[in-house]
Amino acid sequence: MSNSWLIVNGRILDPASGRDEQGDLLIIDGVFAPPGEAVPPDAGRIDATDLWVTPGLIDMHTHLREPGWEYKEDIRSGCQAAAAGGFTGVACMPNTRPVNDCAAITRFILEKARVAAARVYPIGAISQGSRGELLADFGELREAGAVAVSDDGRPVESSQLMRRALEYANDFELPVISHCEDLGLGRGAMHEGPHATRLGLRGIPAAAESVMVFRDIALAECTGLSVHIAHVSTAQSLHIIRAAKARGVRVTAETAPHYFTLTDEAVGDYDTNAKMNPPLRSADDREAVRQALADGTLDVIVTDHAPHSCLEKECEFEKAANGIIGLESSLGLSLCLVRDGLLSPLRLIELMSLAPARILHLPAGTLAPGAAADLTLINPDLPYIFSEGDIRSKSRNTPFLGRRLPGRAVLTMVDGRVSYRKNLSSTAAAPAHDA
Ligand SMILES: NC(=O)N[C@@H](CC(=O)O)C(=O)O
């Protein structure tokens, strides 16, 4: 099949060049063509009237679960979920079984991903087995194709080990992604506050996150090196990050749609689909996350796609696994921020494509001539009810089923090959509660 395309009459959004204009985009042999290039006779034609034409979305925080937890997700199903959500690339966290702390596992993931519907960028572990004792071999991980290191799912408790990780990773130009959690303070099931009290659940204070955010920023500052803070959920963390950025510390940070959409109230009557780590926070925290996306304190929207089977979720709240799926709902929930006037379309695409590509040093996130044609066509105004039929993941653990979302990806392309196309006749358009 040809992988040359002429996409006509779309709203072209390319944050790398600041371009936001109506126009056409030509792809020749899987690569974006320069302006004025002749259209090849075998090029397919796509009418993008009323659609956004954007660089392919990139999720820098996905759990693909393979190797080891294939009953929750595998590389194939996770990448299908990614394509359906408009993502052309996903960076997968190393908390698999075994942990991705060596070249063999990184290579295994990349080998499996060769036939998947999205590009896969493996993230290696900071410490061997993510046990927080000895550093993993970053040189070997980098050589095998890892794009960053993280012990996500667990904090690096030792400040000394974290300092060494920043220094060692810098030698290999590997970004360090930090899961910020003080385990002593973090022994609870949900956010500490009135809702936890009402439910009789032990709470996790906002400080469980922010004290470690402060530590990692202090380490970045004392070494002059960079650190990326994963899944930020609290106003206090954002104050710390904002102040650090203002004095020139090399810190970047991400959040996920559940933190700007929901609060701890969503736990309701012990709903385990509202249980994740970090937990859903207060209304003030949610507002702070929204403002931080608008003012640049937060750099990236990630999904933190964390699939779990019903076995791990249909149990007592305290015993239930942390995490929710997110690849298929992330764009729709993020489009709410544009609908609400908080973000421009260009800023949204920066948060979901260009910024993660830059932080991970990926040759992606742009529509520039010569770049591989990874692209997403988005209908920002196609309200629908998020339902099971929209899910490609093996798991169903999401609190967003039944929610009305304002728009979605209608076509995803990797290297000029269509990885997902929405059959619009099956789109449910029904009233329900707004996101
Ligand atoms: N984010 C989550 O709630 N869960 C993550 C791990 C983690 O970061 O705790 C998972 O892998 O399930």
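Mind listing whichever residues of the stretch 304-324 are more than 10 Å from the ligand (Cβ to nearest atom) and in a loop (DSSP other than H, G, I, E, B)?
Passing the criteria: S309, E314, C315, E316, A320.
In this structure, does G332 turn out to be within 16 Å of the ligand (Cβ to nearest atom) and assigned by TED's automatic domain parsing to the domain that holds H228?
Answer is no for this residue.
Restricted to the stretch 276-287, and to residues that are over 17 Å from the mean Cα position of the chain (by Cα) and crowded, with 24+ Cβ neighbours inside 10 Å, which residue is nearest to the ligand (Cβ to nearest atom)?
Applying the filter and picking the extreme gives R281.
State yes or no: is N95 within 16 Å of the ligand (Cβ to nearest atom), under 27 Å from R392 (Cα atoms) and over 15 Å from the mean Cα position of the chain (by Cα)?
Considered against the rule, which asks whether it is within 16 Å of the ligand (Cβ to nearest atom), under 27 Å from R392 (Cα atoms) and over 15 Å from the mean Cα position of the chain (by Cα), N95 comes out as yes.
Report, by residue number, each residue of the stretch 179-194 that is more than 18 Å from A274 (Cβ to Cβ) and either touching a strand residue (DSSP E or B) at 6+ places or on another chain (Cβ under 8 Å) or buried (at least 16 other Cβ atoms within 10 Å of the Cβ) (or both).
Hits for the stretch 179-194 are H179, C180, E181, D182, L185, R187.
Let's see how each residue does on (1) more than 16 Å from the ligand (Cβ to nearest atom); (2) within 20 Å of P356 (Cβ to Cβ); (3) under 15 Å from the mean Cα position of the chain (by Cα):
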site: P40; (1), (2), (3): yes, no, no
site: A43; (1), (2), (3): yes, no, no
site: T49; (1), (2), (3): yes, no, no
site: G56; (1), (2), (3): yes, yes, yes
site: H61; (1), (2), (3): no, yes, yes
site: K72; (1), (2), (3): no, no, no
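For (1) among the basic types (K, R); (2) more than 18 Å from D59 (Cβ to Cβ), each residue gets a yes or a no:
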residue	(1), (2)
I324	no, no
I359	no, no
L362	no, no
D381	no, yes
R408	yes, no
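The values are calculated or read from the model by the stated rules, or taken from the named source; none is laboratory data. Predicted model, so just to flag it, every value in this text is computed and none were measured. Note that each Cβ is placed from the backbone with ideal geometry, even for glycine, and that neighbours are counted across all protein chains shown.
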